[in-house]
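Q: There's a structure below that I have some questions on.
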Amino acid sequence: MHIMEGYLPIQWCIFWYVLSGIVWVYAIIQLKKILSEKPEVKPLLAISGAYMFILSSLKMPSVTGSCSHPCGNGLGAVLFGPAVTAVLASIVLLFQALLLAHGGITTLGANTFSMGVVGPFFGYLTYKALKGKINSTYAVGLAAVISDWMTYVTTSIQLTLAFPGDNPLHTFLAFATVFAVTQVPLAIAEGLLTMVIWDKLKELRPDLLLKLGVIDESEVPNVSVVTEGGE
Amino acid sequence: MNTKHIVILLIVAALMVFPLLFVKGEYGGADDQAEEVIKEIDPQYHPWFHPIWEPPSGEIESLLFALQAAIGAIIIGYYIGYFRAKASQ
């Protein structure tokens, strides 16, 4: 999903920087609010960012005979919503742009928008839609699949907008074959891995998940949460 | 780690092994393939900016990728251990 350094015309770099910039500002306000109201969830924030660090460093083989990497953005999206995930994603993307020449400084806005905003947004919606209807672990798994996959669909759209060619639909299919098709098994793998870490978090700190309002009390009946003025 | 999680991790491993066994490919990066598509669509296009720094070799690159994964793994391991120790108190 990394658009390489210099591979987006400058007007598109600015365009995506502006959109991501709006999300960054909103996210900082949200982050301040979360950390002042519920400082005890800080470890979950660190885990969400760390999870993204690990998953986006793993380049996995796919059925198209090429390699790509999962994003790890579904976990943060479910726990903290898409805006906060955008901040976490941009930290990972900056690390990779500066140290690995993956992605770039000029394309950081665009890459943040796909991995930090659109992907997590769809993952978040998926989780919202399924929450309470099925076990949260499966809902998180599906949200992570969608988050990951929509990230790559977004990259394909971004590249098509910048390089429409003679037939934009044809161009989109060419980019989507490279990104979105390769990503199918990796997105499934990411969904499965996210289920495992979610189960661990649910087992060890159900109180924090309740506090963030991401699981219902019926799912962890033996946990009594003392919420002081919270939900 | 219970049976369910072991099965899940085995499925993930199978998903990774399957292409390697049954699909012949170069297993290059998708990002580079996208670069090729751009060159096909717009041969006139030249990147207007280049990475400030690039890992000098594949070895250095894999060193930094391992570092990236390690940073993430330390943080997750630290907190999972912290949570578990706290829970057993």
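Q: What's the center-to-center distance, using Cα atoms, between region A:143-161 and region B:1-71 in Å?
A: Spelled out, the Cα-based centre of one part sits 16 Å from the other.
Q: Which of rounded, prolate, oblate describes region B:3-87, given a ≥ b ≥ c as roots of the alpha-carbon gyration tensor eigenvalues and a/c under 1.5 marking rounded, otherwise prolate only if a/b is larger than b/c?
A: It comes out oblate by the Cα gyration axes.
Q: Nearest 20 debye, what's the magnitude of the dipole of region A:10-214 about its Cα centre given +1 on Lys and Arg Cβ and -1 on Asp and Glu Cβ?
A: 500
Q: What FRET efficiency would be calculated for the residue pair A:Tyr138, B:Met16, taking the C-beta separation as r and a Förster radius of 30 Å, to the nearest 0.05?
A: Working from the Cβ atoms, E equals 0.85.
Q: Still on this structure, please answer the following. With 10 angstrom as the radius, rank A:Tyr51, A:Tyr17, A:Tyr138 by how many other C-beta atoms surround their C-beta, starting from the fewest.
A: A:Tyr138, A:Tyr17, A:Tyr51
Q: Taking a 31 Å limit on the Cα-Cα distance, which of the listed pairs A:Lys59/B:Lys4; A:Lys202/B:Lys24; A:Lys211/B:Lys4; A:Lys59/A:Lys133 fall beyond it?
A: Long pairs (Cα-Cα over 31 Å): A:Lys202/B:Lys24; A:Lys59/A:Lys133.
Q: What number, rounded to the nearest 500 deg cm²/dmol, is the helix-based mean residue ellipticity at 222 nm of chain B, given -39500 (n - 2.57) per DSSP H run of at least four residues and division by all its residues?
A: Estimated from H runs of four or more residues: -24000 deg cm²/dmol.
Q: Quick one: angle between helix B:58-87 and the longest Cα principal axis of chain B, in degrees between 0 and 90, rounded to 10, please.
A: It works out to around 20 degrees.
Q: Sticking with this structure for a sec: Which residue, chosen from A:Met195, A:Ile10, A:Leu130, occupies the Cα position most advanced towards the positive end of the dipole of chain A, where the dipole is computed from +1 (Lys, Arg) and -1 (Asp, Glu) charges on Cβ about the Cα centre?
A: Looking along the dipole axis, the top candidate is A:Ile10.
Q: On to the next question. Put a dot 7 Å past each Cα toward the Cβ at A:Ile10 and B:Glu59; how far apart are the dots in nm?
A: The modelled label-to-label distance comes out at 4.0 nm.
Q: In addition: Place a point 7 Å from the Cα of A:Val18 along the Cα-to-Cβ direction; which residues of region A:150-166 have their backbone N under 16 Å from it?
A: Within reach of a label on A:Val18, which here means backbone N under 16 Å from a point 7 Å along Cα→Cβ, region A:150-166 contributes A:162.
Q: Rounding to the nearest 10 and keeping the result within 0 to 90°, find how far the Cα-based axis of helix B:30-41 lies from the longest principal axis of chain B.
A: Taking Cα atoms only, the helix is inclined about 20 degrees.
Q: Kindly point out which whole DSSP H helices in chain A project their C-alpha atoms 15 angstrom or further along the helix axis while averaging a Kyte-Doolittle hydropathy of -1.0 or above.
A: Span-like helices, by this rule, are A:10-37, A:42-55, A:82-99, A:119-130, A:136-162, A:182-204.
Q: Working out 0.36 nm times the residue gap between A:Lys42 and A:Val223, then minus their Cα-Cα distance, what length gain in nm do you get to one decimal?
A: Going from the current span to full extension adds 63.1 nm.
Q: Additional query: Going by how many other beta carbons lie within 10 Å of each one, how would you line up A:Ile14, A:Ile54, fewest first?
A: Ordered from fewest to most neighbouring Cβ atoms within 10 Å, A:Ile14, A:Ile54 come out as A:Ile14, A:Ile54.
Q: Shape call for chain A from the C-alpha gyration tensor, a ≥ b ≥ c root eigenvalues: rounded (a/c under 1.5), prolate (a/b greater than b/c) or oblate?
A: prolate
Q: Nearest 500 deg cm²/dmol is fine: what mean residue ellipticity at 222 nm does chain A get from its DSSP H runs of n ≥ 4 alone, each adding -39,500 (n - 2.57), divided by its residue count?
A: My calculation for chain A gives -21500 deg cm²/dmol from helical runs alone.
Q: Decide, for region A:1-92, between rounded, prolate and oblate: order the square roots of the alpha carbon gyration tensor eigenvalues as a ≥ b ≥ c, take rounded if a/c falls under 1.5, and otherwise choose prolate if a/b is larger than b/c, else oblate.
A: The shape class here is oblate.
Only the coordinates and a few stated rules stand behind these numbers; no lab work does. Everything quoted here is computed from the prediction, not taken from an experiment. So basically every Cβ, Gly included, is an ideal-geometry build from the backbone, and we count neighbours across all protein chains shown.
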